[in-house]
Amino acid sequence: MIESEIFRALADPTRRALFERLAAGEMTVSELRTGTPISQPAVSQHLSVLRGAGLVSERREGRNAYYRAAPDGLGPLLGWIERYRAFWPDRIEKLKAVLKEMDQ
């Protein structure tokens, strides 16, 4: 299931931070490492997971690889959230009714 890959990728705080940094613009692994204690191999592994989930894209130029966030990759997750968004208002109204009955 695509949603589970996205959830798994974003469950890690380091990957979320990398995704958020890439949302600001295209960067190399070296640029992503700046100011963090994360090693280059670790950043590359995190990027691999994000790419596998469709959240990051890669562009090669010579020896350099440039990464950027792929916001369209969040589409399946947004669809999943939307399905449950419609579910909750009805449930909340039923809960309110039950609580009101308990108060009487």
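The values are calculated or read from the model by the stated rules, or taken from the named source; none is laboratory data. Keep in mind it's a predicted model, so treat the numbers as computed, not measured. Neighbour counts are summed over all protein chains in view; Cβ atoms, including those assigned to glycine, are modelled from backbone coordinates with ideal geometry.
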Out of segment 65-89, which residues are buried (at least 16 other Cβ atoms within 10 Å of the Cβ) and either in a helix (DSSP H, G or I) or of a type in the set (Asp, Glu) (or both)?
73, 74, 76, 77, 80
Go through 59, 33 for me and flag whichever is surrounded by 13 or more Cβ atoms within 10 Å (Cβ to Cβ) and either at pLDDT below 95 or of a type in the set (D, E, K, R) (or both).
33
For segment 28-68, give me each residue that is of a type outside the set (A, V, I, L, M, F, W, C) and touching a residue at least 24 places away in the same chain (Cβ under 8 Å).
28, 46, 52, 54, 59, 64, 66, 67, 68
Does segment 34-50 hold any residues that are assigned to a helix (DSSP H, G or I) and in contact with a helix residue (DSSP H, G or I) (Cβ under 9 Å, 6 or more places away or on another chain), and which are they?
40, 42, 43, 44, 46, 47, 49, 50
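Just to check your reading of the model, which residue among 67, 84 is modelled with pLDDT under 85 and hydroxyl-bearing (Ser, Thr, Tyr)?
84
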Being within 14 Å of residue 66 (Cβ to Cβ), touching a residue at least 12 places away in the same chain (Cβ under 8 Å) and outside any helix (DSSP H, G or I) is the filter here; which residues of segment 1-27 pass it?
25, 26, 27
Got a number for residues in segment 51-64 being over 21 Å from residue 4 (Cα atoms) and either in a loop (DSSP other than H, G, I, E, B) or in contact with a strand residue (DSSP E or B) (Cβ under 7 Å, 6 or more places away or on another chain) (or both)?
4
